[in-house]
Amino acid sequence: MCSSDLEAYQAALRYRRPDTDPLKFAATQNNLGTAYWHLAQHKDMAENLKQAINAYNQALRYYRPDREPNSYAMIQNNLGTAYWNLSQCGSSGTLGVSAAEGNTQPSRRDWLLLAVNAYQSALRFRTIETAAAAYAATQNNLGTAYWHLANFAGDQTATVRSYLKLSIEAYQAALKAADRVPPSGQSTGLSFDRYATHNNLGLILYQSAMLKDPKDDTFIPSENQLASALHHHLQALKGWQQTPDLYQAALTAV
């Protein structure tokens, strides 16, 4: 995506007005948001992501979930991904201090919470029965957001454990749905690497198994979680045999 794409969508919005053609207006706003998202991967990340978020929110004003559930869910997923990307910007706020706690800018944790809310809104309409691939993608995104929230919780052991549990559940749901998606040509029909999900799930299960309450002097790692972590890393190893760098990452985890 380049600036010419942005100019084209902005020009289209002069004629696709919400009062005369709200659905085409919403579709163009979604395209504009995605153009800003792509541009953010190359320059001015935080500013372009905020422009993407603004465009996605404009689109959501005109997609009614009861009438256009798939489009509504798609934009909520896009919005969540923009929020998640914004949480990765070091300049977007203090790591562990939210705006409500006195910081004038949203923190990275704030952006992650917004991402979670958007993904959960998408999942109200992206179900495993009606859209397995889309459901799997959003669950995968949600798992990553929860994992990052766990890592932002510092020494709050109960909070870390809670977010890790939610992350595990989301990744497991993503993999369950991925099994329902038939292969499409040379690809799996999925928008994400299921073996990366297996590897991430292994890392999270290990992290959860080894999470020790500082007040617990009799801590014993969970053997069940360690065994499950090993299983998922082995799945990643099997899938990444032809990708040396990724294979090595999984092997290191094993």
Completion exercise
On each of the three principal axes the extent of the alpha-carbon atoms of region 170-231, given in whole Å and largest first, is 54, 16, 15
Practice task
May I ask you to rank Phe219, Phe192, Phe25 by accessible area, largest first, using a 1.4 Å probe over the protein chains only?
Solution key: Phe219, Phe192, Phe25
Practice task
Between Asp216 and Cys89, with labels modelled 7 Å along Cα→Cβ, what's the label distance in nm to one decimal, could you check?
Solution key: 3.9
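Hey, can you find the accessible area per residue of the chain for me, probe 1.4 Å, expressed in square angstrom?
Per-residue accessible area for the chain comes out at 53 Å².
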Handout entry: For region 51-65, 3J(HN,Hα) per residue [Karplus equation, 6.51 cos²θ - 1.76 cosθ + 1.60, θ = phi - 60°, Hz, x = Gly/Pro]
Key = 5, 4, 4, 4, 5, 4, 5, 4, 4, 5, 5, 10, 9, 8, x
Fill in the blank from the handout: Under Stokes-Einstein, region 116-254 at 4 °C and 1.567 mPa s, with its Kirkwood radius over C-alpha pairs, diffuses with a coefficient in µm²/s of 82
Handout entry: Probe 1.4 Å - accessible area at His42, Å² to nearest ten
Key = 150
Exercise for the section: Determine Rg/Rh for region 9-83; Rg is computed over alpha-carbon atoms and Rh is the Kirkwood hydrodynamic estimate from the same atoms. Expected result: 0.98
Practice task
Measure off 7 Å from each Cα along the Cα-to-Cβ vector at Asn117 and Arg61, then give the distance between these two points in nanometres to one decimal.
Solution key: 1.8
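Quick one: divide the alpha-carbon radius of gyration of the chain by 2.2 N^0.38 Å and tell me what you get. Mind dumping the intermediate values first?
Working: Rg = 19.9 Å, N = 254, 2.2 N^0.38 = 18.0 Å.
Expressed relative to 2.2 N^0.38 Å, the Cα Rg reads 1.10.
The values are calculated or read from the model by the stated rules, or taken from the named source; none is laboratory data. Every value quoted in this text rests on a predicted model; they were computed, and no experiment measured them. Cβ coordinates were reconstructed from backbone atoms using ideal geometry, including for glycine residues, and neighbour counts include every protein chain displayed. Keep in mind that these areas ignore ligands, DNA and RNA; they rest on the heavy atoms of the full protein, side chains included. Shrake-Rupley method; radii C 1.70, N 1.55, O 1.52, S 1.80 Å.
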